[in-house]
Amino acid sequence: MVFAANAVPETNQRRSLAFSNNWIESTLLRAVKDVPVENEIVVNVSTSPLYYIAEGSRGTIPAWKSTMLRRCTLEKGEMAALVHIRKRVNLGALALDWEWYGRRNPEFPRGVPLYISAQDDIVDIEFDPLVSFAAQPAVSASPRRYRLKLNLWYTPEETDCGIHTGHKFLEVHTQLWGTGHMQKFRQNNVDTLYEDVLMPPGFTHDPFFTLAIDRTFSYPWHRYYADTDCIWMAIELHPL
Ligand SMILES: [Fe+2]
């Protein structure tokens, strides 16, 4: 179910995300208030900060960022995705029921073992991406409507997931398992790399898209590259 835009939710609404399975436990929390966290990757999937406390110390997960928390309390926040690897044995089998990406994209190279989970439609939200992502508080806010969607990706080690561009949505990614890279290129060619962002577990990269003043956006050529077996989460915001 997609939550209505900007409705006032009850405190601590909780549901399982569509891609939970025997290996990955993932939960969506909404209107977060004093929620204990045992051992989770916590992703702030909202436009406002998410606060946590441990032993009297307070920490902040900024909008669209993440961290790994152990025995903390999520004090206050709008919305969070909590992800936990339940077991490691035969971890790659988590993608057996997912889709090989080439099945949905005919242009995708045939030999690339990239798998996508079910996508979960989370909520329709209204916000200004220039304020939220580009940290340009000087501009006067001009909110737009987006549908927030989450899904997981899986690849085995040393997978080149393909240089691409031209997304019609805003995307960032959170690393959940293994170590990969998000990389930018001048052209559709591996020799033209100009930025290499390491993706360790619990980390969400800064946006790769560039926002114009009219809130249209564009992407450089980019790709995900998996050093080890990798599981990561896509956070997508589709303009409505
Ligand atoms: Fe992309």
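Only the coordinates and a few stated rules stand behind these numbers; no lab work does. The shown structure was predicted, so the numbers you read here are calculated from the model rather than taken from an experiment. Reconstructed Cβ throughout: ideal geometry from the backbone, glycine too, with neighbour counts over all protein chains shown.
Brief remarks on what is shown
- For the pair Asn90 and Thr165, a Förster radius of 41 Å applied to the C-beta separation gives a FRET efficiency near 0.70, rounded to the nearest 0.05.
- Three-way shape label, the chain, alpha-carbon gyration tensor, a/c 1.5: oblate
- As a length-normalised measure over Cα pairs under 8 Å and 6 or more apart, the relative contact order of the chain settles at 19 percent.
- In the structure shown, the pairs Lys87/Lys149; Lys76/Lys184; Lys149/Lys184 are assessed against 29 Å; a Cα-Cα span above that value is assigned to Lys76/Lys184.
- Using Cβ point charges alone (K and R +1, D and E -1), the dipole size of the chain about the Cα centre works out to roughly 360 debye.
- Calculated FRET efficiency, Asn39 to Tyr219, Cβ-Cβ distance, R0 = 41 Å: about 0.75 to the nearest 0.05.
- Calculated [222 nm] ellipticity per residue, helices only, for the chain: 0 deg cm²/dmol; basis is -39500 (n - 2.57) per DSSP H run with n ≥ 4, divided by all residues, nearest 500.
- Using C-alpha pairs under 8 Å with a sequence gap of at least 6, the mean separation divided by the residue count of the range 13-85 gives a relative contact order of 41 percent.
- Calculated translational diffusion coefficient of the range 161-235 (20 °C, 1.002 mPa s; Stokes-Einstein with Kirkwood radius over alpha-carbon pairs) equals 168 µm²/s.
- For the pair Ser48 and Asp196 in one chain, pulling the backbone fully straight at 0.36 nm per residue adds 50.5 nm over the alpha carbon distance.
- The distance between label points at Glu157 and Asp121 comes to 4.0 nm (points 7 Å beyond Cα on the Cα→Cβ vector).
- Under the simplified labelling scheme, the Thr27-Arg71 pair shows an inter-label distance of 1.8 nm, with each label point 7 Å from Cα along Cα→Cβ.
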